[in-house]
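The values are calculated or read from the model by the stated rules, or taken from the named source; none is laboratory data. Everything numeric in this text was worked out from a predicted model, so none of it was measured. Cβ placement follows ideal geometry from the backbone for every residue including glycine, while neighbour counts extend to all protein chains displayed.
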Amino acid sequence: MGYFAHETAVIDEGCTIGEGTKVWHFSHLMTGCVLGQNCNLGQNVVVSPNVVLGNNVKVQNNVSIYTGVTCEDDVFLGPSMVFTNVTNPRSAVNRRGQYEKTVVGKGASIGANATVVCGHNIGSYAFIGAGSVVTKDIPKYALVVGNPARQIGWMSEFGHRLEFDADGFAICPESGEKYQLMDGLVKKLS
C-alpha cells in the first residue's frame, strides 16, 4: 500500500495515493483524486474528484479541496481554510462541469480560515494570512492579508518577511538566501 489511512477514513476506488502519505480520522478521498508522496491530511478533510496534490502537501483539519484545485509540491493549507469552485452557485442550477480552476504554487501557505475564490491562482511561496479572502491572482512570494486580501509585503521561501534595501535586495534571516525586487516582482537569486 505504501501510505497510511486511519480506519475511519473513506477512500473511494480510483484514487492515487503516494508513498508515505497519511490520511487521518474521518477524511474522504473521492474517485480520481491524486495525492503525491509524503502528504499529510488532517482529520475531516475532503478531497474531491480530480483534485491533484503534489508531494509533501500538508492539509490541516476541516479543509475541503474541491474539483478544479491543484496544489503543487510543499503547499500548506491551514485549518478550516476554504476553496470554492463555482463563481455563482445556485442550489436550483446545476453547474457541474463548469468548475473554475485554481492552482496553488509550490511552497505557498494559506492560513487558517482563509477563503480562496475560484479562478484565482496563488504564486509559488506566497503567504496568505489567516482569515484572508483571495479575490484575485496572488504573485510569487507575496504576503497578503484581509478581506479582500491585499498585499502588504513579501515572504522568503522559509516563511520570513523580506525587508528590501534601497537597491531592491533582501536576505532571508533564516536561510541567508538573497532576493531581488524588480518591477514589482520578487525573485530568488542563485
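Evaluation of Gly119 against the conditions (1) on the phi > 0 side of the Ramachandran plot; (2) surrounded by fewer than 16 Cβ atoms within 10 Å (Cβ to Cβ) shows that the sole unmet condition is (2). Residue check: Gly176 meets all listed conditions (1) surrounded by fewer than 14 Cβ atoms within 10 Å (Cβ to Cβ); (2) on the phi < 0 side of the Ramachandran plot; (3) outside the structural domain of Val51 (by TED's automatic domain parsing); (4) not aliphatic (A, V, I, L, M) but one, namely (2).
What residue, among those in segment 1-41 that are among the small types (Gly, Ala, Ser) and within 18 Å of Asp73 (Cα to Cα), is surrounded by the most Cβ atoms within 10 Å (Cβ to Cβ)?
Top of the filtered list is Gly36.
Residues in segment 63-81 that are over 20 Å from Glu157 (Cα atoms) and not in a strand (DSSP E or B): 7 in all.
Taking the residues in segment 179-189 that are out of contact with any strand residue (DSSP E or B) (no Cβ under 9 Å at 6 or more places or on another chain) and loosely packed, with under 13 Cβ neighbours inside 10 Å as candidates, determine which candidate is nearest to Ala142 (Cα to Cα).
Gly184
Residues in segment 66-97 that are aliphatic (A, V, I, L, M) and touching a residue at least 24 places away in the same chain (Cβ under 8 Å): Val69, Val75, Leu77, Met81, Val82, Val86.
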